[in-house]
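Rule-based calculations on the coordinates, nothing more; no lab input. Computed from a predicted structure; not experimentally measured. Because the Cβ atoms are built from the backbone with ideal geometry, glycine has one as well, and the counts that use them run over all protein chains shown.
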Amino acid sequence: MSLPEITQTLLKAKKEKGLSFADLEKILGRDEVWIAAVFYRQASASEEEAKLLLEALELGPIYIKELTECPVKGLGPIVPTDPLIYRFYEIMQVYGFPIKDVIQEKFGDGIMSAIDFTLDIEKEADPKGDRVKIIMSGKFLPYKKW
């Protein structure tokens with residue numbers, strides 16, 4: 001997968017500054033996952049957020065316009081090949097319909113919003129090996145009848 005030039009620039013500056021997404025969360029007052037989504041052009045920043053981010057990374061204002069534009073979202077029409085990203089694809093292949101059925105049993109006919117949505121990633125200590133804990137919270141949107 002080739003990354004957009006802006007993504008490469010942001011990631012390089014972040015690495016050079018020795019910053020983590022959690023560090024940037026403290027500076028911007030936004031969640032680290034959302035900030036990472038801005039880096040990868042899956043989310044757009046406000047002008048103020050873009051300025052704060054670029055100041056933290058010591059990059060010029062030349063990137064403000066690009067960071068505030070509405071992005072084209074998604075990975076494209078291919079099956080992801082990165083092993084970590086592929087696991088999410090695999091999870092949906094195996095558990096997608098079960099998750100859908102359980103959600104619809106609890107809420108009715110509808111979907112979980114990916115717009116009114118938060119995602120948190122936590123590290124959970126476990127004697128058998130640390131675990132990744134992913135917490136997704138999306139507003140339930142019932143399908144309308146007309």
For the chain, calculate the relative contact order in percent as a whole number, restricting contacts to Cα pairs under 8 Å that are 6 or more residues apart. 16 percent
Relative contact order in percent for the range 5-68 (Cα pairs under 8 Å, 6+ apart) equals 34 percent
Taking 40, 63 and counting other C-beta atoms within 10 Å, the order from fewest to most: 40, 63
Table column - 3J(HN,Hα) (Hz), the range 132-144, Karplus curve with 6.51, -1.76, 1.60, x for Gly and Pro: 9, 10, 10, 10, 10, 9, x, 5, 7, 10, x, 5, 7
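I'd like the Kirkwood hydrodynamic radius of the chain, using the inverse of the mean 1/r over distinct C-alpha pairs, in Å.
Values: mean 1/r = 0.0565 Å⁻¹.
Averaging 1/r across every pair of different Cα atoms and inverting gives 17.7 Å.
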Between residue 141 and residue 2, what length in nm is gained on full extension when 0.36 nm per residue of separation is reduced by their alpha carbon distance? 46.6 nm
Where in the chain is the longest stretch that carries no trypsin sites (Lys or Arg not before Pro) classed as loop by DSSP and with at most 13 other Cβ atoms within 10 Å? 1-72
The chain: DSSP helices with Cα axial extent of at least 27 Å and average Kyte-Doolittle hydropathy no lower than 0.0: 83-107
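Normalised by the number of residues in the range 83-142, what is the relative contact order in percent for Cα pairs under 8 Å and 6+ residues apart?
32 percent
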Dipole magnitude of the range 1-120, debye to nearest 20 (Cβ charges: Lys/Arg +1, Asp/Glu -1, about Cα centre): 260 debye
Name the residue from 136, 111, 7 whose Cα lies farthest towards the positive end of the charge dipole of the chain, charges +1 on Cβ of Lys and Arg and -1 on Cβ of Asp and Glu. 111
